[in-house]
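Take a look at the structure below.
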Amino acid sequence: MATDRPSRIAFVSTYLPRHCGIATFTHDLRTAMDQAAPDMRTLICAIDNEGLDYDGQADFVIGQHTMADYPAVAESIAHAGVDAVVIEHEYGIFGGPDGDWINLFAQRLSELGVPYLVTLHTVLSYPSPGQASALGRLCRGADAIAVFTPAARAMITSTGMATADRIFIVPHGAPTALREDWDREHVPGPRRGTSVAGEVRPEVAELLDQSGQSRIVSTFGLISPGKGLEVAIEAVADLAEEHPDLVYVIAGATHPEVAKQHGEDYRDRLTGLVADLGVQDRVRFLDFFLTDDEIAALLAATEVFLTPYHSTEQISSGALTFAVAAGCPVVSTSYRYAQDLLRTGAGNIVEPGDSAAFAEGLRGLLADPERLHAAQAAAHSVGATLGWPSVARQFAGVVRDMTAERARRRGLGGLGGTARPARLGRHADAVFT
C-alpha cells in the first residue's frame, strides 16, 4: 500500500438509504472506520436495485440486475487507485443465479491486481449446487475472509471453500449509544421508566410513554415471514394472564423485497393473529424503519428481547447484536448466531416454531428476578466488546494484514496466488468464550 496518502478501501454492498440490514451494517462500519483508522479512506460501491439517490455517499454504483456493470465498475475502482476492496456478501443482493455476477466483479479486480476481502453474512450448512459454486469461486479468489463467529469459520473450513489461515473472526458491531444507560448506572437490573433520549419520532415516544411501568419485551428489524413473529405473539398470549403487565413491541417496516412481492400480507396475518388471540392491548406495532436513536430508546425500555426466527442457519443478526450490546437478556430460537452470542448465559434458547417452548423460555426470565439479572449481566459483559469503534479497529487491522501480506509476496518476486494473513482474528474469539 502507498505510504504517502491514506489507503483507499472500497466497500461493495447495499447502502443507505436502501432499507437493508447489510446496508445499515456497511454504513455503520464505514462511519466507525473513518474515526478509528485515519490511515484509511473509505469509499462505497453501492449495489442498487431501486435507482436510489445516495446523496453523494456512494462513489460507485452497480445496478444489481445489470450484468455489464460488475466488470465495468471493477475497472473504475482499480483505475481510481483503490488499494483493497471489501465485498459484503449475501446471495440475494447481487445479480445472476445465486448472486453469481459478483464473481465477474471479483475476477476483474484480480486481473487488475486489486486484492479483495469477503465478509460473509450468510453461511449455509447445505447450500444448493449453485450457491456452493458461486460462493466457492468468490472465496477462492479472496485474499482474506471475515466472519462473525467461530461457528461460521468452522462451517467455511469444513466445506473446503477456504483454509483457516485466511479466515478472520471480527464480531458484528453495534452503536455505542445503546450502552449509555449501562454506563450511567453501572449495574444490571430492570430499567423501567428510562427517559427517551435522542431524536425519536412522536410515535415511538408515545408508545414508550404509554407503556409506563409495563414489562416490555420487544423485537425490531425488517419484517418478513422468516422472523417467526407469530411464535412470539402466541407465547406472549400464553403468558398474558400470569403477567398482566406484559407488553410486546414489534418495531420495523416490512422488508422491501417482501413488500414488492407480497405487499403487507404477513403483517396483516400478524395483526389478525393478535385479534384472534385477544391480545390487542399486549402487542403493539411500530410500522417503520427505526433510527439508531429510536432503537436505543426501545432497547433501554426492553426487559427481554425476542428473536423467534425460523431458520437455524442464520449466522448473523444485527438486531440480536444491538440487543446484547444494550444489555438486554434474550429469548431466541436456536439459530447459529444466537447459539454463539448467547452461550455465556445472556438468555434462553429454544427450538424454532414452538410457541409453548418459547413461552417457557420467556417465563423462565420474567418469573425469576435472579435469573433475569444474571442474564442481563452476561449480556452486558458480551456487549462491552461489540461497540463499533472496537470492531472497526479490529477490521482495519484485518485489512492492513491482508494488504501487507500481498505487498510482501510481491516483494518476494511477484508471487501469485492468494495471500496468507498471519493473524487469525484471535482478538475476537473472547467474545464467544
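The values are calculated or read from the model by the stated rules, or taken from the named source; none is laboratory data. From a predicted model like this one, the values you see are computed outputs, not experimental measurements. Neighbour counts run over all protein chains shown; Cβ positions are idealised from the backbone, glycine included. Keep in mind that these areas ignore ligands, DNA and RNA; they rest on the heavy atoms of the full protein, side chains included. Shrake-Rupley method; radii C 1.70, N 1.55, O 1.52, S 1.80 Å.
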Within region 238-278, work out how many residues are farther than 19 Å from Phe220 by Cα and in contact (Cβ under 8 Å) with a residue 12 or more places away in the chain. 8
Which of the residues belonging to region 350-368 are over 12 Å from Leu306 (Cβ atoms) and touching a Gly at 6+ places or on another chain (Cβ under 9 Å)? Pro352, Gly353
Can you pull out every residue in region 128-149 that is within 18 Å of Thr312 (Cβ to Cβ) and either crowded, with 17+ Cβ neighbours inside 10 Å or among the aliphatic types (A, V, I, L, M) (or both)? Gln131, Val147, Phe148, Thr149
Among (1) in contact with a Leu (Cβ under 8 Å, 6 or more places away or on another chain); (2) within 30 Å of Gly92 (Cα to Cα); (3) not basic (Lys, Arg), Leu246 falls short only on (2)
Within region 40-53, can you find the residues that are open to solvent by less than 70 Å² (accessible area, probe 1.4 Å) and touching a strand residue (DSSP E or B) at 6+ places or on another chain (Cβ under 6 Å)? Met40, Thr42, Leu43, Ile44, Cys45, Ala46, Ile47, Asp48
Residue that is farthest from Gly347 (Cα to Cα), among those in region 303-317 that are more than 15 Å from the chain's Cα centre (by Cα) and at pLDDT below 95: Ser311
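Residues are listed down the side, and each one gets a yes or a no for (1) modelled with pLDDT of 80 or more; (2) within 21 Å of the chain's Cα centre (by Cα); (3) surrounded by 13 or more Cβ atoms within 10 Å (Cβ to Cβ):
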{"site": "Leu362", "(1), (2), (3)": "yes, no, yes"}
{"site": "Pro369", "(1), (2), (3)": "yes, no, no"}
{"site": "His373", "(1), (2), (3)": "yes, no, yes"}
{"site": "Ser381", "(1), (2), (3)": "yes, yes, yes"}
{"site": "Ala384", "(1), (2), (3)": "yes, yes, yes"}
{"site": "Trp388", "(1), (2), (3)": "yes, yes, yes"}
{"site": "Leu415", "(1), (2), (3)": "no, no, no"}
{"site": "Ala419", "(1), (2), (3)": "no, no, yes"}
Residue check: is Glu90 acidic (Asp, Glu), touching a residue at least 40 places away in the same chain (Cβ under 8 Å) and open to solvent by 40 Å² or more (accessible area, probe 1.4 Å)? yes
